[in-house]
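Notes to accompany the following structure.
The values are calculated or read from the model by the stated rules, or taken from the named source; none is laboratory data. Note that this is a predicted model, so its numbers are computed, not measured. Heads up, the Cβs are rebuilt from the backbone with ideal geometry, glycines too, and the neighbour counts pull from every protein chain shown.
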Amino acid sequence: MKMSAKEFLDWPSKRITLLAMSGAGKTTLANKLPKSKWFHYSGDYRIGTKYLEEPILDNIKREAMQVPFLRKLLRSDSIYIRNRITVENLEPISAFLGKLGNPALDGLPLQEFKRRQHLHHQAEVAAMKDVPDFITKADNIYAYKHFINDAGGSVCELDNLEVLETLAQHTLILYIKIPPALEQTIIQRAKTDPKPLYYREAFLDEKLQEFMRLKNYTSPDDITPDDFVTWVFPELYQSRLPRYQAIANQYGYTIDASDAAEIQNEEDFLRLVAHALSG
């Protein structure tokens, strides 16, 4: 959705999608907007509670069945397992995605890893296609005036034109660009605490082969899971930057993560967006 700064400021029901790498401050920025006026839609929360809920629970149950005490209780329906996913706690999704590598070190075999990656891709596409319906619900059911879509960090990886056109038709897309001065901070943070991530299959295949050659691995099942995640994150980071920028150039606008970090309230946010639109 393209518009002038004046059109944006005069827009009675503002609808915005935030795009950015993990760590750029998307959720922090969204939380600066008053929840009394803005409906907060989290793509990751929708993925975990709707589209991956059953696979996530199945994975947890599979692990629990390895414990004889829990297996007996589960098979007799004496206990049940449920998720506690919140916008602030998305750990069950990360645990389901898992890390590629040696099963003895809690890694996943390549085929199972790719299966879960595929499920996540389908779930993220579906969650973004749900945005128009939630805009309507936010207004008709809950009487929210404005809508903010905190999209997942891997939206730029989906290669799904329908998703981008849906978001652009119904929301104003803002890409939060990380300045070079903060890039190493983001990369170092990811290396210190490596987390499961979504990868495009072509990217994964290419980088996995490169990693195995560099480290002299003969099978993905021999890989130390954290070592691959740590090594590949800078490669993933650099591959995503032009994808985000291309989306912003065609469908939306770009704001600087340093400027976004300075925002204290809704007024600051609207001023920053209007400045981006006027540039």
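Checking each residue in segment 154-194 for being modelled with pLDDT under 95 and touching a Ser or Thr at 6+ places or on another chain (Cβ under 6 Å) picks out 179, 191, 194.
In the condition set (1) closer than 27 Å to residue 258 by Cβ; (2) among the aromatic types (Phe, Trp, Tyr); (3) touching a helix residue (DSSP H, G or I) at 6+ places or on another chain (Cβ under 6 Å), residue 11 is compliant with all but (3).
When we screen 60, 81 for residues that are in contact with a helix residue (DSSP H, G or I) (Cβ under 7 Å, 6 or more places away or on another chain), surrounded by fewer than 17 Cβ atoms within 10 Å (Cβ to Cβ) and at pLDDT below 95, the only hit is 81.
Can you find, within segment 133-169, the residue that is surrounded by the most Cβ atoms within 10 Å (Cβ to Cβ) among those that are in a helix (DSSP H, G or I) and among the β-branched types (Val, Ile, Thr)? So that I can check it myself, show each step before the final result.
Within segment 133-169, the subset in a helix (DSSP H, G or I) is 133-140, 155-157, 161-169.
Pick out the ones that are also among the β-branched types (Val, Ile, Thr) and you get 135-136, 155, 163, 166.
Values: 135: 20, 136: 12, 155: 27, 163: 19, 166: 18.
Taking the candidates together, the pick is 155.
Every residue in segment 85-103 that is touching a helix residue (DSSP H, G or I) at 6+ places or on another chain (Cβ under 9 Å) and free of Cβ contacts under 8 Å to residues at least 24 places away in the same chain, please.
Passing the criteria: only 88.
Could you list, in sequence order, the residues of segment 114-143 that are in contact with a Leu (Cβ under 8 Å, 6 or more places away or on another chain) and free of Cβ contacts under 8 Å to residues at least 60 places away in the same chain? I'd like the intermediate steps shown before the answer.
Step one: filter segment 114-143 for residues in contact with a Leu (Cβ under 8 Å, 6 or more places away or on another chain), giving 114, 116-117, 119-121, 123-125, 128, 131.
Across segment 114-143, the qualifying residue is only 125.
Among the residues of segment 40-59, just one is free of Cβ contacts under 8 Å to residues at least 60 places away in the same chain and under 13 Å from residue 122 (Cβ atoms), namely 54.
Summed over segment 22-72, residues that are closer than 24 Å to residue 153 by Cβ and not aliphatic (A, V, I, L, M) total 26.
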